[in-house]
Amino acid sequence: MKNFLILLLISLLFASCRDLAFTVPQPRGVENEYYFPPQLQGTFVSKHNKDTLQITVNTFGNNPDDRLDEDTFLRRSGKYYILNNKDSLYWHLSIIKLCGRNSFTIYGFDMGDQKKRKKISELLRVGEIKDENGRVEYYLADPTEDQFKQLLSKRYLTKLETFRWKKK
């Protein structure tokens, strides 16, 4: 993945679990947004490891090439911003929830957690994408709009990191 934030989020996710990828951007039927809302703009510090993350209107990370584009964009679903990022074939998501005015939390789908994987598999059909050695690299889903809305409940999401606004 090309972007700092995506790499950070995926590395957080893969530290303990396997990713759930999607065949199409999520949620379905929602316009792509190529800008971050004002509440997500600024310099933020991760609660866990104190990494700094700079977010502007359409860039994130420390590289000006890390920007929202046709392969990396936001979509809204209720109280969540869904950061969609396409690899060569599938879409990987980071679920962002604002926590008041000064912070946000990033969630993912922990398919490495057997209980959560079972719950998600009971909700929708999940396939396995394996590497050349036959090991599961990630899981693949194609949820309906209603199934995706259900996926956004806390029983399916795993909290990955919280970022707090860095005061100057």
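Assess whether Lys149 counts as being closer than 23 Å to Lys86 by Cβ and part of a helix (DSSP H, G or I). So Lys149 fits the description; yes. Would a scan of segment 65-77 turn up a residue that is closer than 13 Å to Leu160 by Cα and touching a strand residue (DSSP E or B) at 6+ places or on another chain (Cβ under 9 Å)? The answer is no; no qualifying residue exists. Filtered by the rule that a residue be part of a strand (DSSP E or B), touching a helix residue (DSSP H, G or I) at 6+ places or on another chain (Cβ under 8 Å) and without any contact (Cβ under 8 Å) to a residue 60 or more places away in the chain, segment 37-68 gives Ile55, Phe60.
None of Arg125, Arg67, Arg75 is modelled with pLDDT under 95 and not aliphatic (A, V, I, L, M) except Arg67.
One line per residue, one yes/no per condition, for (1) surrounded by fewer than 16 Cβ atoms within 10 Å (Cβ to Cβ); (2) in contact with a Cys (Cβ under 7 Å, 6 or more places away or on another chain); (3) closer than 30 Å to Leu124 by Cβ:
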{"residue": "Thr23", "(1), (2), (3)": "yes, no, yes"}
{"residue": "Gln26", "(1), (2), (3)": "no, no, yes"}
{"residue": "Gly42", "(1), (2), (3)": "no, no, no"}
{"residue": "Gln54", "(1), (2), (3)": "no, no, no"}
{"residue": "Asn62", "(1), (2), (3)": "yes, no, no"}
{"residue": "Thr72", "(1), (2), (3)": "no, no, yes"}
{"residue": "Ser77", "(1), (2), (3)": "no, no, yes"}
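For Glu122, the conditions (1) surrounded by 13 or more Cβ atoms within 10 Å (Cβ to Cβ); (2) within 27 Å of Arg28 (Cα to Cα); (3) more than 16 Å from the chain's Cα centre (by Cα) are fulfilled apart from (1).
Within segment 135-168, the set of residues being surrounded by 13 or more Cβ atoms within 10 Å (Cβ to Cβ) and touching a helix residue (DSSP H, G or I) at 6+ places or on another chain (Cβ under 8 Å) comprises Tyr139, Ala141, Pro143, Gln147, Gln150, Leu151, Tyr156, Leu157, Thr158, Leu160, Glu161.
The values are calculated or read from the model by the stated rules, or taken from the named source; none is laboratory data. Since this is a predicted model, take the numbers as computed values, not measurements. Every residue, glycine among them, receives a Cβ derived from its backbone with ideal geometry; neighbour counts consider all protein chains shown.
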